[in-house]
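Since the structure comes first, as structure tokens, the remarks are kept for the end.
The values are calculated or read from the model by the stated rules, or taken from the named source; none is laboratory data. Just so it is clear, the model here is predicted, and its values are computed rather than measured. Cβ sites come from the backbone with ideal geometry, for glycine too, and all protein chains shown count toward neighbours. What goes into the accessible areas is simple: the full protein's heavy atoms, side chains included, and nothing from ligands, DNA or RNA. Shrake-Rupley method; radii C 1.70, N 1.55, O 1.52, S 1.80 Å.
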Amino acid sequence: MQFHHYGYISGDPRIRLADEKCADRDPNLPQVMDVLIVGAGPAGMIAAAQLSAFPEIEARIIESRPGRLPLGHADGIQPRSVETFQAFGFAQEVIEEGYHINETAFWKPDPSNPDHIKRVAWTEDDPAGISEFPHLIFNQARVLDYFRRFMERSRSRMPVNFGWQFESLEIEDGEEYPVVCHLTSTREETFGEKKTVRAKYVLGADGATSRVRSAIGAKNSKVISNHAGGVADVLVDTDFPDAMTKSIIHSTHGSILHIPREGGYLFRTYVDLGDLDENDAHQIRNTPLDEIIAKGNEILSPYHMDVKEVAWWSVYEVGHRVTERFDDVLPEERGSKDPRVFIAGDACHTHSAKAGQGMNVSMQDGWNLAWKLAQVLRGYSSPSLLATYNTERQPVAQDLIDFDLEWSGRMAASDEGDESIEDFYVRTWEFPSGFRTEYKPGLLVAHDAKQELATGYTLGKRFKSYRVARRSDGNDLHLGHLHEADGRWRIYVFADSAPASAPESKLRTFAKWLAQDEASPVVRHTKPGDDVNSVFDVKVIYQQGHHEFELLDAPEIFRPRVGPLQLEDKNQIFGIIDIEGVAEKRDSLYPLTRNMFAKEDIFEARGISRDGAVIVVRPDMYVAHICGLEDTESLSAFFEPIFDLSK
């Protein structure tokens, strides 16, 4: 954490110094605003949190509930989501509070007694080591609490405006605030009161029955799997051996997905209620709790669960839907009209709960849109940038539906076919962990990237962190964990093999261009008077250990001066982890300490060329460009259309 660059701070540095115009901001909903977010669920709250980082943006989020969500129904937290929480500053708290899924147990009918179940396999949760972050079970309500705290601590001090129901909207083209929204109060003291507000942009994150989606005329494609299930959060006494392990249970009587919850005593159980008659007309939703519990015990035989308390329960029908478009622009208008209204989360994709995807994918929707809105509203990009939200996220939602159709089908199937469910779980782990998303080349992913220069950083996929040593203080850090949700682009400059002190090198030539040339994105797109790192966070990583060069060997572009005092930031210079004498220690103490002094070379681990490379990472942590230190024209040309304000 870095602070004091705006002057000495004696209090909690996580509470940002409020912007002058926001310190006494009226908490009531204003008449006009830059962005109105409808719905304070995961998609809406992450979008609001990102926008709250910019006090110059007037953004508000409304929610029909009277206050915070007391009990969240979503609970699975992918490693990609934990990685995202790191950018918002609360990953470690979630990790400490959540239940960690390290393995999954698989139970099937016992061949010697088919009415009973028998454990047949365990699978490691992340056998390929995709992420250093854990897979968690964590209450959605707490996730929303943490995003709300981020907003309250931000420079804008953005509140959540509870007690407002969105009714309808219309767009008045040509107006500064063209989206006219009609709201109704749901608060007890003002129930039914009407209010009309105007916004430049609206995000509908208002759930599966989204009124914003209806207002823009977006239609759902709909695939219904004629299957139903009961779900409950329960406190139980049970003799089931894997009660504290995530378990996928198939029996001759149906299936159960059993998930331990945070806290050590609470369990979530999804009980298969079987196929539905096509004429059921939703009657399955009337299934009583006692019947769900009885069905669960039938599946669990010879084991038993004695339910002591039920925190929440529901009956659901498995339905898969994805909306045809995620904004208000009709297909025939694409390229000639910029979007003003967007939808995210359950408003544009719904699916079964068993793969734990809903909250996770929804948050990535919200973050994808929010940083782009900030880039436009802060005057760095033209509104045409916002069309990339639909272009990028709609295919992700379709991939989600396709995956979940297969996963939920396998969960319900009595016949596994030619691949066991445990093998399928391991083979497809990259998707449910949140790391399968790969944006295609376009405005925000370079067409001319040189993937061969960094084979471990797939273009269009998230930047996969690795450990490095910070030169200023010798701290062993994960490079990707330093990425904050601040709307800045990251430019990671991986040095060539020349010594850092060499008067001439490919790195030194590139650094001079980046700092001084008019074609440099840092020079061209940083506004006059702003800090040199206000738009681009530039870091350098040398091939040598951090003791093999001096801090001042690094060019000045990697030591930016920041804040009103223009203090030098000495924390953007890194080397590989290679401590002197380690080889001898390993040899003398092996095997007792064979892993204690491992050399950590990010160049080797991530396939980075020894001739050097430049990796550009978007504000939402996805790799946007890879080029050589000599490819300055390519780097300049990549950013030019993104920051083009003429469109």
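Structure values in brief
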quantity: Odd one out for Arg142 among (1) under 30 Å from the mean Cα position of the chain (by Cα); (2) open to solvent by less than 70 Å² (accessible area, probe 1.4 Å); (3) under 21 Å from Arg65 (Cβ atoms); (4) of a type outside the set (Gly, Ala, Ser); calculated: (2)
quantity: Close pairs from region 417-438: first outside any loop (DSSP other than H, G, I, E, B), partner aliphatic (A, V, I, L, M), Cβ under 7 Å, at least 6 apart; calculated: Ile421/Ile248; Glu422/Ala121
quantity: Failed criterion for Phe558 (all others in (1) touching a Gly at 6+ places or on another chain (Cβ under 9 Å); (2) surrounded by 21 or more Cβ atoms within 10 Å (Cβ to Cβ) hold); calculated: (1)
quantity: Verdict on Ala519 being modelled with pLDDT of 95 or more, part of a loop (DSSP other than H, G, I, E, B), out of contact with any strand residue (DSSP E or B) (no Cβ under 6 Å at 6 or more places or on another chain) and among the hydrophobic types (A, V, I, L, M, F, W, C); calculated: yes
quantity: Complete set of residues in region 33-50 that are in contact with a strand residue (DSSP E or B) (Cβ under 9 Å, 6 or more places away or on another chain) and among the hydrophobic types (A, V, I, L, M, F, W, C); calculated: Met33, Val35, Leu36, Ile37, Val38, Ala40, Ala43, Met45, Ala47, Ala48
quantity: Region 339-358 residues that are open to solvent by 10 Å² or more (accessible area, probe 1.4 Å), paired with ones that are β-branched (Val, Ile, Thr) and at pLDDT 90 or above (beta carbon under 6 Å, 6 or more apart); calculated: Arg340/Ile171; Arg340/Val179
quantity: Residue in region 479-488 that is within 25 Å of the chain's Cα centre (by Cα) and under 15 Å from Thr632 (Cα atoms) present; calculated: no
quantity: Which listed residue is farther than 26 Å from Phe403 by Cβ and either among the charged types (D, E, K, R) or open to solvent by less than 30 Å² (accessible area, probe 1.4 Å) (or both), from Glu317, Glu262, Glu298, Glu324; calculated: Glu298
quantity: Within region 96-113, considering residues that are over 28 Å from the mean Cα position of the chain (by Cα) and open to solvent by 70 Å² or more (accessible area, probe 1.4 Å), the one farthest from Arg142 (Cα to Cα); calculated: Ser112
quantity: Residue count for region 274-326, restricted to those that are modelled with pLDDT under 95, closer than 20 Å to Ala208 by Cβ and of a type in the set (A, V, I, L, M, F, W, C); calculated: 8
quantity: Among residues of region 440-460, those that are in a loop (DSSP other than H, G, I, E, B), touching a strand residue (DSSP E or B) at 6+ places or on another chain (Cβ under 9 Å) and open to solvent by 10 Å² or more (accessible area, probe 1.4 Å), counted; calculated: 7
quantity: Selection status of Ser433, open to solvent by less than 30 Å² (accessible area, probe 1.4 Å), under 30 Å from Phe603 (Cβ atoms) and in contact with a Leu (Cβ under 7 Å, 6 or more places away or on another chain); calculated: no
quantity: Residue match in region 193-202 (condition: farther than 14 Å from Val38 by Cα and acidic (Asp, Glu)); calculated: yes
quantity: Close pairs (9 angstrom Cβ cut-off, 6 or more residues apart or separate chains): in contact (Cβ under 8 Å) with a residue 12 or more places away in the chain and open to solvent by 40 Å² or more (accessible area, probe 1.4 Å) in region 21-33, in a loop (DSSP other than H, G, I, E, B) and among the polar types (S, T, N, Q) anywhere; calculated: Arg25/Ser156
quantity: Total residues in region 394-418, condition over 16 Å from Ala344 (Cβ atoms), open to solvent by less than 20 Å² (accessible area, probe 1.4 Å) and at pLDDT 80 or above; calculated: 0
quantity: Residue within region 526-548 that is assigned to a helix (DSSP H, G or I), at pLDDT below 95 and touching a Lys or Arg at 6+ places or on another chain (Cβ under 9 Å) present; calculated: no
quantity: Region 461-508, residues that are closer than 20 Å to Ala605 by Cβ, open to solvent by 20 Å² or more (accessible area, probe 1.4 Å) and touching a helix residue (DSSP H, G or I) at 6+ places or on another chain (Cβ under 8 Å); calculated: Arg462, Lys464, Tyr466, Arg467, Arg471, His481
quantity: Residue count, region 360-393 (criterion: open to solvent by less than 10 Å² (accessible area, probe 1.4 Å), under 22 Å from Thr437 (Cα atoms) and among the aliphatic types (A, V, I, L, M)); calculated: 6
quantity: Those residues of region 237-281 which are in contact with a Leu (Cβ under 9 Å, 6 or more places away or on another chain), within 28 Å of Ala141 (Cα to Cα) and not hydroxyl-bearing (Ser, Thr, Tyr), in sequence order; calculated: Lys246, Ile248, Ile249, Ile256, His258, Pro260, Glu262, Leu266, Phe267, Arg268, Val271, Asp272
quantity: Single unsatisfied condition, Arg149 versus (1) in a loop (DSSP other than H, G, I, E, B); (2) closer than 28 Å to Gly98 by Cα; calculated: (1)
quantity: Residue under evaluation Ile62, criteria (1) open to solvent by less than 30 Å² (accessible area, probe 1.4 Å); (2) modelled with pLDDT of 90 or more; (3) in contact with a helix residue (DSSP H, G or I) (Cβ under 7 Å, 6 or more places away or on another chain), criterion not met; calculated: (3)
quantity: Residues of region 598-629 satisfying the condition of being among the acidic types (Asp, Glu), surrounded by fewer than 21 Cβ atoms within 10 Å (Cβ to Cβ) and assigned to a loop (DSSP other than H, G, I, E, B); calculated: Asp601, Asp611
